[in-house]
Amino acid sequence: MTIDRFQQLWTDYLEGELGEAELAELRQLLENAPQLAEAAADSYQLHRLLGIAACDDPAVSDTFVQATMNRLPAGSSQFTGAVMQRLGTAQASRTRRLTRWLTVSAAALTLGIVSLALVLRNGGEPAGNQPIAQPAAPDAQATARLVAASHASFFGELAPPLQSILETRREYVLTEGLVELEFPSGASVIIESPAVFRVISDISLALDTGRCSVHAPEGAEGFRVETPVTRVVDRGTRFTVSVAETNETEVQVIEGVADVYRSDDDAPTAQAAPANLDQQPPDVRLTEREAYRFTAFEDGALAPVQYTPAAYRRSLPDRIIRYEAATAAGGGIQKLKSVTVQRGGREIQYPVEQLIPVELTWFKSADAVDRAGHLLGGEKLPENMAELLSDHLLTTGVINPGGSKTPLTTDPVMGADAGTPGFAVRFRQPVVNRPGPDLILMEVQTFSNPLDGDAFHVSPLKFAPGRKSHTIRRYDLTMNSPEALRLAPFSLYRYSQPIASLEQLHTATHVRANAGPRFHLLAVGIDLSDLGFAEGEQVEGLFFQDAEDDIHRVDPVFIAGFPEP
Amino acid sequence: MSVSPDDSRLEHALGRVRRGDVSAFEYVVQRFEQPLRAWLASQAMPGVDVDEVAQRAFVAAYGRLHEYTPGTNFSAWLFTIARYQLRTETTRLRRVADYHTRYAPDLLQRELERRADQPPEVVLARLDHLRECLKSLGSHLRQFITWRYEEEISLEEMAARSGRSVAAVKKQLFLVRKKLQECICQREAAAEGGV
């Protein structure tokens, strides 16, 4: 009898279905029959190993590896410094031991220490083996940081986290989007994809291909962009450098002055800048509104080209930059704390309490039953499901709405019988259209879903001349963004019928299931201007539809408007 | 002592990391992620996020790599760090006021703690046995394991899919786990006997 009861209780325990009374009963059973504790531990270990064996999926391993790599301290130079410091200590200690049994002159010892220092400066290897000669500081680790990214994808790796220090002299291949680097001198560089670049030092960047916009404020003069055929040295300015696949380099000066030095040998320019560059006369000095093209061909062509100031990028596009959220006890984020957005070129952080909440006013699913369900929540659902998109919990939401391949061009219908598939929200107070994103939508996503986020249409509730639907196909924070954080576990609620109205969402029978722990939270900003609303116009609500471009549907967990900046 | 190509590659990667090449650490994580997660999964008390502890162990190993002596046993060194990380997390959880009522019977905890020094090799061998035992399960029994551990669906859904009651599904899960446990024990005994 005891064994049977243990089986029942233990299975319920592993399934997370044990109530307090039953847990007390299980505890009592184990105390009365200690051999059961051993059986329980065996079973528990097997249960955990089954979880591991079930995930024998390379994608799961890759995700883990990338997540771990993203958590490594950003400043690798600090790590290297610590290692070098320790090496130095060890070597010094060894040297001290040597002096006990070797009789050497003070001069010889000094010579030895100097030699040791030289070896250490070269990373413990003979100087002749160093791959890159840096006249100013052979082993200096640069501290240029990645300070902003927009839709950035790197070839074969995740984008480095914001504020991380980029590895010195490592080749970064930006395949999509834009990134902004900030150098210690204050110089900032926006690099546009496709581009291949390396941080060479605290005052220089190598651009092997692609385009960058440089701003070197007062104090950052002397900053260099090295290309395969030129060195562009800033003399206090804003300029762009574009490098084609043929190494052809175009330099455009927007403000101030830039000196251009042509490379005069076959060695990669980025790796061998002369120490006395400042004392050499430039091949070309470009001033404001001047543009030149330099080619790598033997004829050494150097020609003025059309000045195109539009090529200069002063900032990254407006977007959701990041969000902050409180972490649940078992790991993963759970409750939103703030959202940081760039609006009209200005970075603003909104505490969640300042955001304008929404209320769900309409919901209609597709015609078929959605096996993933329509609600996200905890073990119990709130009475009013209209709040699931506005509460600060990121583990609650209304998901898998109906949709349409074609965006709406007329007012959505929100009647019980012939309603428009999708969902509608009403803002608690009108959102005013200002430059940049005016509202945020956050959705849950996992690696088996589209990495850029689930596409959706957003439409006005009332169409008028000039108003239109807008389709979002790529989120600002995607599965490739280190800023898209991992979500705490949550429950899914599945219905046995398609949902035709908000009322049915409340009343139809549903069952709960635990979702896996591998979901992340993506985010996208929506600019009301994209829907045809005029600057300053007030918007009371919006209609959302899945874009039906694939089998996956949008899964919103939080929508809110931004207050006036 | 012989050095396998894998060991040379590992030491080479560690050398690159020490010289400042962070990307070389990726090989280290790839090489040890599954053994470390499996070992932690079998040692961790209920409520512990195993992946989180594993990641912390890797990050700690990276930060303290200057303490590792090249050419010695990196695996043992890494698992020692992981053991300390697990202890820290266990202590943190215990300090949560309602941990015992929410998560774990005390005796289970004690039994797991008693096993805390199980060598990683034992756990990894058990994982290999488990994989083999899973292959030997009949398809209808294997189906319950797939539903429970891969698809992670609810008991109600398993009941609906299999046409049984929820109580019958629970019993089935218990029996499948028991069968797997017996299979593992047999394979361990055979391995010890050199068969």
I need the full set of residues from segment A:184-211 which are among the hydroxyl-bearing types (Ser, Thr, Tyr) and touching a residue at least 40 places away in the same chain (Cβ under 8 Å), in order please. A:Ser188, A:Ser193, A:Ser201, A:Ser204
Residue tally, condition under 27 Å from the mean Cα position of the chain (by Cα) and among the hydroxyl-bearing types (Ser, Thr, Tyr), over segment A:212-231: 1
Within segment B:131-143, can you find the residues that are of a type in the set (A, V, I, L, M, F, W, C) and either surrounded by fewer than 13 Cβ atoms within 10 Å (Cβ to Cβ) or within 11 Å of chain A (Cβ to nearest Cβ) (or both)? B:Cys133, B:Leu134
Considering only residues that are surrounded by fewer than 17 Cβ atoms within 10 Å (Cβ to Cβ) and outside any helix (DSSP H, G or I), look in segment A:16-25 and name the one that is nearest to the other protein chains (Cβ to nearest Cβ). A:Glu17
Out of (1) of a type in the set (Asp, Glu); (2) touching a residue at least 40 places away in the same chain (Cβ under 8 Å); (3) crowded, with 19+ Cβ neighbours inside 10 Å, what's the single condition that is false for A:Asp259? (2)
Please verify whether A:Leu29 is under 26 Å from B:Val123 (Cβ atoms), modelled with pLDDT of 70 or more, within 11 Å of chain B (Cβ to nearest Cβ) and assigned to a helix (DSSP H, G or I), treating the condition exactly as stated. no
How many of the residues in segment A:517-565 are of a type in the set (A, V, I, L, M), assigned to a loop (DSSP other than H, G, I, E, B) and in contact (Cβ under 8 Å) with a residue 40 or more places away in the chain? 3
Tally, over segment A:409-425, of residues that are within 31 Å of the chain's Cα centre (by Cα) and either without any contact (Cβ under 8 Å) to a residue 24 or more places away in the chain or at negative phi (or both): 3
Just the residues that are farther than 30 Å from B:Ala190 by Cα and within 11 Å of chain A (Cβ to nearest Cβ), please, taken from segment B:162-179. B:Val166, B:Ala167, B:Val169, B:Lys170
Looking at segment B:114-130, which of its residues are facing chain A (nearest Cβ under 10 Å) and either more than 13 Å from the chain's Cα centre (by Cα) or not in a helix (DSSP H, G or I) (or both)? B:Arg114, B:Arg115, B:Gln118, B:His129
Which one is farthest from B:Asp128 (Cα to Cα), of the residues in segment A:35-46 that are within 7 Å of chain B (Cβ to nearest Cβ) and either over 37 Å from the mean Cα position of the chain (by Cα) or touching a residue at least 12 places away in the same chain (Cβ under 8 Å) (or both)? A:Ala37
Taking the criterion of being charged (D, E, K, R), buried (at least 19 other Cβ atoms within 10 Å of the Cβ) and touching a Pro at 6+ places or on another chain (Cβ under 8 Å), would at least one residue in segment A:444-464 satisfy it? no
If A:Thr143 satisfies every condition in (1) within 14 Å of chain B (Cβ to nearest Cβ); (2) touching a Lys or Arg at 6+ places or on another chain (Cβ under 9 Å); (3) more than 23 Å from A:Thr478 (Cα to Cα) but one, which is the exception? (2)
Is it true that A:Phe519 is buried (at least 23 other Cβ atoms within 10 Å of the Cβ) and touching a Ser or Thr at 6+ places or on another chain (Cβ under 7 Å)? yes
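The values are calculated or read from the model by the stated rules, or taken from the named source; none is laboratory data. Just so it is clear, the structure is predicted and the values come from calculations on it, not from any experiment. Cβ atoms come from the backbone with ideal geometry, glycine included; neighbour counts cover every protein chain shown.
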